[in-house]
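The structure under discussion appears below in the form of structure tokens.
The values are calculated or read from the model by the stated rules, or taken from the named source; none is laboratory data. From a predicted model like this one, the values you see are computed outputs, not experimental measurements. Every residue, glycine among them, receives a Cβ derived from its backbone with ideal geometry; neighbour counts consider all protein chains shown. The protein model used for the area step is the full one, side chains on, heavy atoms only, and it has no ligands, DNA or RNA in it. Shrake-Rupley method; radii C 1.70, N 1.55, O 1.52, S 1.80 Å.
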Amino acid sequence: MTTAHLAAEGFEAQLREELRRLGVGVRAEHSRLFVCDDAPSPSAWAANTWFDVEEIGIASIGDAAAKLRAMQRNWAMYAPVHARRATLIQERLPHVSAKPLVFPAEAPTAPLGSWTLLASDRLLCAARCASPFPNGEVAFVEDRDGPPSRAYLKLWEALTRLGARPGAGTRCLDLGATPGGWTWVLASLGAEVLAIDKAPLDPKVAAMPGVRWRGESAFALDPASVGPIDWLFSDIICYPARLLALVRRWMAEGRVRNFVCTIKFQGDTDHDTVAHFAAIPGGRLLHLHHNKHELTWALLR
Ligand SMILES: C[S@@+](CC[C@H](N)C(=O)[O-])C[C@H]1O[C@@H](n2cnc3c(N)ncnc32)[C@H](O)[C@@H]1O
């Protein structure tokens, strides 16, 4: 079985190391696309994963398009080489709408395959992929007035990819909340938000209905002082091991249902701590299109 992982842009080294640690053999690297012989393993650093990958000989541009169309309707092109020829093939395939999403929106449900040209007469393709977005790239119609920082895009993407979001009246804890992009997202959804940060929130966010702020360290916060929580969010700037300890503490307390946390790396990627997050049963690790040198860990129950 051939699987291919498309590394998030700029994070090829992280994907290579992750696959090595998972014991996944990489047969070939085609720019950001890592072609593997093993069965698909969940990969955090992949922007997309291609399943049951096939290599096909093509006689012409028309032949390539016909062969892809015969397999299924919608295709996303990945063209690190032979870009002009690849574009001519893609133009003969049904148009795939790349319209930015208006949050809150559901992720597209139509199957989206991926293909690339290995050589002018050979293509690699997969009718089934992990991401419903072309090459895992999620775009939104941005809000340039409401949120005080661009971090809101990360949370929009996380909630869209997870297919779940806090509803009206749900109790959310936002750790490392300032200036308040995530709190703005949550309050806009009608949630009750307790924002924790030593620095104050942007006044416009602080004034939103349902928002409360406490000027404390998230690490010193006593779970008993906040009561039951439907969603715990963290975008705290801290070492991954410190975040892991915080998550374990809140999990052990048993007062939180869902978690969405950014694991931020300073300098080297802390693969050991990532492996501990990956081992938490039921959790998911994602590199969002809007993540920088970060991963997003989520546990929904
Ligand atoms: C990347 S910013 C968060 C951005 C925020 N999610 C938004 O959407 O605007 C990281 C925040 O973590 C906060 N932080 C760092 N250490 C903290 C701690 N011990 N307790 C609470 N917040 C902390 C910083 O003050 C900073 O506001």
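Count, please, the residues in the range 109-123 that happen to be touching a His at 6+ places or on another chain (Cβ under 7 Å) and within 18 Å of F51 (Cα to Cα). Spell out the reasoning first.
At the first step, the residues of the range 109-123 found to be touching a His at 6+ places or on another chain (Cβ under 7 Å) are 116-118, 120.
Pick out the ones that are also within 18 Å of F51 (Cα to Cα) and you get 116-118.
Residues that pass the stated criteria total 3.
Provide a single number: the residues in the range 213-225 that are more than 10 Å from the ligand (Cβ to nearest atom) and surrounded by 18 or more Cβ atoms within 10 Å (Cβ to Cβ).
Taking the range 213-225 and keeping what is more than 10 Å from the ligand (Cβ to nearest atom), we get 213, 222-225.
Those still in the list that are surrounded by 18 or more Cβ atoms within 10 Å (Cβ to Cβ) too: 213.
Going through the range 213-225 one residue at a time, the tally reaches 1.
Considering only the range 127-180, state which residues are more than 16 Å from the ligand (Cβ to nearest atom), in a loop (DSSP other than H, G, I, E, B) and within 17 Å of the chain's Cα centre (by Cα).
Within the range 127-180, A130, S131, P132, F133, E137, V138, A139, G163, A164 qualify.
Among all residue pairs at least 6 apart or on different chains, which show Cβ distances below 6 Å where the first residue, located in the range 169-181, is more than 23 Å from E142 (Cα to Cα) and open to solvent by less than 30 Å² (accessible area, probe 1.4 Å) and the second is within 6 Å of the ligand (Cβ to nearest atom) and of a type outside the set (F, W, Y)?
Listed by first residue and then by second, the contacts come to L175/I196; L175/A218; L175/I236.
Test of understanding: among D202, D197, which residue is within 14 Å of the ligand (Cβ to nearest atom), of a type in the set (D, E, K, R) and in contact (Cβ under 8 Å) with a residue 40 or more places away in the chain? Give the steps one after another, and end with the answer.
Working: D197 fails: in contact (Cβ under 8 Å) with a residue 40 or more places away in the chain.
Exactly one of D202, D197 is within 14 Å of the ligand (Cβ to nearest atom), of a type in the set (D, E, K, R) and in contact (Cβ under 8 Å) with a residue 40 or more places away in the chain, namely D202.
Looking at (1) open to solvent by 50 Å² or more (accessible area, probe 1.4 Å); (2) within 13 Å of the ligand (Cβ to nearest atom), which is the one condition that is false for H276?
Against the list (1) open to solvent by 50 Å² or more (accessible area, probe 1.4 Å); (2) within 13 Å of the ligand (Cβ to nearest atom), H276 comes up short only on (2).
When the range 101-126 is examined, which residues are found to be in contact with a strand residue (DSSP E or B) (Cβ under 7 Å, 6 or more places away or on another chain) and either in a loop (DSSP other than H, G, I, E, B) or surrounded by fewer than 15 Cβ atoms within 10 Å (Cβ to Cβ) (or both)? I'd like the intermediate steps shown before the answer.
The first filter runs over the range 101-126 and keeps only residues in contact with a strand residue (DSSP E or B) (Cβ under 7 Å, 6 or more places away or on another chain), leaving 101, 103, 111-118, 121-126.
Matches in the range 101-126: F103, P111, L112, D121, R122.
Working only within the range 226-240, note down all residues that are at pLDDT 95 or above and more than 14 Å from the ligand (Cβ to nearest atom).
Residues satisfying the conditions are P228, I229, D230.
Looking at L246, L232, which is the one that is part of a helix (DSSP H, G or I) and open to solvent by less than 60 Å² (accessible area, probe 1.4 Å)? I'd like the intermediate steps shown before the answer.
On the way: L232 fails: part of a helix (DSSP H, G or I).
Residue meeting the stated conditions: L246.
Take the range 181-199 and flag every residue that is in a loop (DSSP other than H, G, I, E, B) and farther than 18 Å from E157 by Cβ. Break it down stepwise before answering.
At the first step, the residues of the range 181-199 found to be in a loop (DSSP other than H, G, I, E, B) are 189-191, 197-199.
Result: G190, D197, K198, A199.
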